[in-house]
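Would you mind keeping the following structure in view while I ask a few things?
The values are calculated or read from the model by the stated rules, or taken from the named source; none is laboratory data. Everything numeric here is computed off the predicted structure, so don't read it as measured data. Positions of Cβ are backbone-derived with ideal geometry, glycine not excepted, and every protein chain shown enters the neighbour counts.
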Amino acid sequence: MIRLLVALAATVGFGLFLASCNTLSKEECVAADWRVIGESDGAAGYEPQQRFAAHAKSCERVKIVPDQSIWFQGYQAGLVRYCTPLSGLARGQSGGGYANVCPPETASGFLRGFNLGAKQHGLQERFNAMQNDYSSKETEIDELSDKLRDAKDEERSALRRRIEDLEDDMHDIRRDQRDVQDDLDRVNEDVEWFQRNPSAELPAPGY
């Protein structure tokens, strides 16, 4: 299957993608320890077929063919480090994706951590976006207030209405932020518990 994907890498779509994003430099191809490279790829959770095909495409430039079997031995060793509950948690917290690479016996633990980390990451991103929106509206109010001081009478009413609308929006943002912060606090507590008990199910369902 991997050899098939290497061949497919020469096709227009996949080939252009890999050519534009070499995974290894020419020097790295020449000096490659394919087991070490495979272990690094596995520990990072790369999808194996696409990753090996990308290496093969990168090393075509110097006419080097990666050692598939040695690379895959390293990949499997690296995957053992990747497919753990705490690794899943870190992956989810970073906002990264999951390529469905863990075997059944470790996938459930990895996914428990990954889903919890992804929930924490999503809530934090949402909270930050609200804060940015709040700050943007706050800045706009300051600018409008400056304009208001020098505005003509016929402009003052419109400026005041816009300021009032922005203040209402800011009030709503703060209310929604409190709800998100409550959710985030609960998830942060679950994360702390999970870090101490990575092999156990969370006591509260839903994550």
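Only one residue in GLY45, GLY38 is on the phi > 0 side of the Ramachandran plot and under 26 Å from the mean Cα position of the chain (by Cα), so which one is that? Steps first, answer last, please.
Values: GLY38 fails: on the phi > 0 side of the Ramachandran plot.
Among GLY45, GLY38, only GLY45 is on the phi > 0 side of the Ramachandran plot and under 26 Å from the mean Cα position of the chain (by Cα).
Since GLY117 meets every condition but one in (1) under 30 Å from CYS83 (Cβ atoms); (2) of a type in the set (Gly, Ala, Ser); (3) free of Cβ contacts under 8 Å to residues at least 40 places away in the same chain, which condition does it not meet?
Status for GLY117: all satisfied but (3).
Kindly indicate the residue of the range 77-105 that is hydroxyl-bearing (Ser, Thr, Tyr) and in contact with a Phe, Trp or Tyr (Cβ under 9 Å, 6 or more places away or on another chain) and also nearest to GLU189 (Cα to Cα) among those meeting that condition. Outline the logic, then answer.
Quick first cut of the range 77-105, residues hydroxyl-bearing (Ser, Thr, Tyr) only: 82, 84, 87, 94, 98.
Adding the requirement that they be in contact with a Phe, Trp or Tyr (Cβ under 9 Å, 6 or more places away or on another chain) leaves 82, 84, 87, 98.
On the way: TYR82: 24, THR84: 20, SER87: 18, TYR98: 24 Å.
Across the range 77-105, the extreme among qualifying residues is SER87.
So which residues in the range 84-102 are surrounded by fewer than 21 Cβ atoms within 10 Å (Cβ to Cβ) and either among the hydroxyl-bearing types (Ser, Thr, Tyr) or not in a loop (DSSP other than H, G, I, E, B) (or both)?
Narrowing the range 84-102 to residues surrounded by fewer than 21 Cβ atoms within 10 Å (Cβ to Cβ): 84, 86, 90, 93-101.
Across the range 84-102, the qualifying residues are THR84, LEU86, ALA90, GLN93, SER94, TYR98.
What are the pairs, 6+ residues apart or on separate chains, where a residue within the range 149-166 that is farther than 15 Å from LYS137 by Cβ has its Cβ under 6 Å from a residue that is surrounded by 10 or more Cβ atoms within 10 Å (Cβ to Cβ)?
Going by the 6 Å Cβ cut-off, the qualifying pairs are ALA151/LEU159.
Determine which member of the set LYS119, LYS137 is assigned to a helix (DSSP H, G or I) and within 30 Å of GLY78 (Cα to Cα). Walk me through it before giving the result.
Numbers: LYS137 fails: within 30 Å of GLY78 (Cα to Cα).
Matching residue, one of LYS119, LYS137: LYS119.
Out of the range 22-35, which residues are touching a helix residue (DSSP H, G or I) at 6+ places or on another chain (Cβ under 7 Å) and surrounded by 14 or more Cβ atoms within 10 Å (Cβ to Cβ)? Spell out how you get there, then give the answer.
Just the residues of the range 22-35 that are touching a helix residue (DSSP H, G or I) at 6+ places or on another chain (Cβ under 7 Å), to begin with: 22-24, 26, 29-30, 34-35.
Hits for the range 22-35 are ASN22, THR23, LEU24, CYS29, TRP34, ARG35.
Okay, next question. Inside the range 160-207, can you point out the residues that are on the phi < 0 side of the Ramachandran plot and either in contact with a Cys (Cβ under 9 Å, 6 or more places away or on another chain) or not in a helix (DSSP H, G or I) (or both)?
ASN197, PRO198, SER199, ALA200, GLU201, LEU202, PRO203, ALA204, PRO205, TYR207 - these are the residues of the range 160-207 that are on the phi < 0 side of the Ramachandran plot and either in contact with a Cys (Cβ under 9 Å, 6 or more places away or on another chain) or not in a helix (DSSP H, G or I) (or both).
Kindly indicate whether any position in the range 38-52 is modelled with pLDDT under 95, acidic (Asp, Glu) and either surrounded by fewer than 21 Cβ atoms within 10 Å (Cβ to Cβ) or not in a helix (DSSP H, G or I) (or both).
Checked the range 38-52: no residue is modelled with pLDDT under 95, acidic (Asp, Glu) and either surrounded by fewer than 21 Cβ atoms within 10 Å (Cβ to Cβ) or not in a helix (DSSP H, G or I) (or both).
Taking ASP182, is it acidic (Asp, Glu), surrounded by 14 or more Cβ atoms within 10 Å (Cβ to Cβ) and either at pLDDT 95 or above or within 18 Å of LEU116 (Cα to Cα) (or both)? Step through it out loud before you land on a result.
On the way: acidic (Asp, Glu): yes; surrounded by 14 or more Cβ atoms within 10 Å (Cβ to Cβ): no; either at pLDDT 95 or above or within 18 Å of LEU116 (Cα to Cα) (or both): yes.
No, not satisfied.
Residues in the range 103-114 that are part of a helix (DSSP H, G or I), of a type outside the set (D, E, K, R) and surrounded by fewer than 17 Cβ atoms within 10 Å (Cβ to Cβ): how many?
Going residue by residue through the range 103-114, those that are part of a helix (DSSP H, G or I) are 104-114.
Keeping just the survivors that are of a type outside the set (D, E, K, R) gives 104, 106-111, 113-114.
Retained after the next criterion (residues that are surrounded by fewer than 17 Cβ atoms within 10 Å (Cβ to Cβ)): 104, 107-108.
The total comes to 3.
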